[in-house]
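S.K.: Pasting a structure here, questions to come.
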Amino acid sequence: MDKLTKFFYAHNAQMLGSFYQSQRAPVLVKIVEKFFSSNAKLLDIGAGSGRDMDMLLQKGFDIYGVDAVGEMVDSALSRYPSLAKRMVVAQLPFPGIVFGGAFDGILTSALWMHIADSSLALSVSCAKRQLRNKGKIVISVPRSRPDLDSESRSRDGRIFYIRTPEFYVDLIDAGGFREIFRGQEMDALGREGYEWSVQVFEG
C-alpha cells in the first residue's frame with residue numbers, strides 16, 4: 001500500500017468504520033458461508049473496519065485479522081470489542097506466521113487492488129504460508145471503477161490497480177492452487193459503473 005493510500009485510511013478510520021457498519025452485509029459473508037464449515041479458522045488480510053470479521057465471528061467462525069493501518073485496527077477494536085486479541089497491525093508481505101497459522105481460509109476483500117505489481121508475488125506467497133493443506137483463498141476486487149485518473153488514483157488520492165480475473169488466476173494458481181469459483185457482483189454501495197469480481201482458490 002503506497003503512502004497516499006495509507007494516509008487516506010489513517011485519517012478517515014473512524015468515518016469509514018461508521019460508514020461500513022451502516023451498510024448491508026457484504027457478498028463476502030455469503031461466500032464464506034458457502035465454502036467453509038461454520039467453525040473454520042479464517043484470516044482476514046486487510047480487515048479494515050472489522051465489520052466483516054465481527055459478522056463472521058457472530059456466525060461461529062474462528063476468525064482473525066490484520067490490517068496495514070494502525071488507525072483502522074484501533075477503530076475496529078473500539079467499535080467491536082469481540083475482536084480483542086483477534087486483530088493486529090501487519091502489512092503484506094509480512095514476515096512469519098500470524099495467530100498460529102494453519103488457517104482453513106484467507107479472506108482478502110478490497111486488498112489486492114492497493115498492492116503494486118512488484119509486491120504481488122511475495123504477498124501471495126506470504127498469504128499461502130498461513131494456510132493449512134487444502135486451504136482456500138478468497139479474493140474480492142474491483143473489475144471496473146470509472147473514477148480513476150491516468151495514474152489509477154481516485155479523487156481522494158488512493159491508488160487502485162484494476163486487474164482481470166484471469167490475472168489473479170495466473171498469480172494465485174501457481175504452486176498447486178486452482179480456481180474453484182468465480183463470480184461478478186455489482187457494487188455494494190450502488191455506485192453506477194463500479195463492478196466487483198469474487199474468486200475462490202483452493203490449495
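S.K.: Being basic (Lys, Arg) and either outside any helix (DSSP H, G or I) or surrounded by fewer than 17 Cβ atoms within 10 Å (Cβ to Cβ) (or both) narrows it down to one residue among LYS6, LYS34; which is it?
M.R.: When all the criteria are applied, what remains is LYS34.
S.K.: Against the definition (at pLDDT 95 or above, in contact with an Asp or Glu (Cβ under 6 Å, 6 or more places away or on another chain) and of a type in the set (Gly, Ala, Ser)), how does GLY65 come out, yes or no?
M.R.: yes
S.K.: Can you confirm whether TYR80 is at pLDDT 95 or above and either over 25 Å from SER197 (Cα atoms) or under 15 Å from the mean Cα position of the chain (by Cα) (or both)?
M.R.: Criteria met by TYR80.
S.K.: Restricting attention to the range 21-31, report how many residues are under 26 Å from LEU131 (Cβ atoms) and either in contact with a Cys (Cβ under 8 Å, 6 or more places away or on another chain) or assigned to a helix (DSSP H, G or I) (or both).
M.R.: Counting residues in the range 21-31 that are under 26 Å from LEU131 (Cβ atoms) and either in contact with a Cys (Cβ under 8 Å, 6 or more places away or on another chain) or assigned to a helix (DSSP H, G or I) (or both) gives 5.
S.K.: Report yes if GLY48 is of a type outside the set (Val, Ile, Thr), within 20 Å of PHE160 (Cα to Cα) and in a loop (DSSP other than H, G, I, E, B), otherwise no.
M.R.: When the stated conditions are applied, GLY48 passes them.
S.K.: Out of everything in the range 141-176 that is more than 21 Å from GLU192 (Cβ to Cβ) and acidic (Asp, Glu), what residue ends up being modelled with the lowest pLDDT?
M.R.: Per the criteria, the residue is ASP173.
S.K.: Of the residues ALA10, ALA40, only one is over 16 Å from the mean Cα position of the chain (by Cα), more than 17 Å from LEU111 (Cβ to Cβ) and of a type in the set (Gly, Ala, Ser); which?
M.R.: From the options ALA10, ALA40, the qualifying one is ALA40.
S.K.: Give me the residue from the range 18-34 that is at pLDDT 85 or above and within 28 Å of ASP117 (Cα to Cα) and, out of that set, nearest to the chain's Cα centre (by Cα).
M.R.: By that ranking, first place goes to LEU28.
S.K.: I've got another one for you. Would you check if there is a residue in the range 151-159 being farther than 24 Å from ALA68 by Cα, touching a residue at least 40 places away in the same chain (Cβ under 8 Å) and assigned to a loop (DSSP other than H, G, I, E, B)?
M.R.: The answer is no; no qualifying residue exists.
S.K.: For the range 51-73, which positions are crowded, with 18+ Cβ neighbours inside 10 Å, part of a loop (DSSP other than H, G, I, E, B) and in contact with a Ser or Thr (Cβ under 8 Å, 6 or more places away or on another chain)?
M.R.: The answer is PHE61, and nothing else.
The values are calculated or read from the model by the stated rules, or taken from the named source; none is laboratory data. Just so you know, these numbers come straight off a predicted model, no measurement behind them. Using ideal geometry, Cβ is built from the backbone for each residue, glycine included, and neighbour counts are taken over all protein chains shown.
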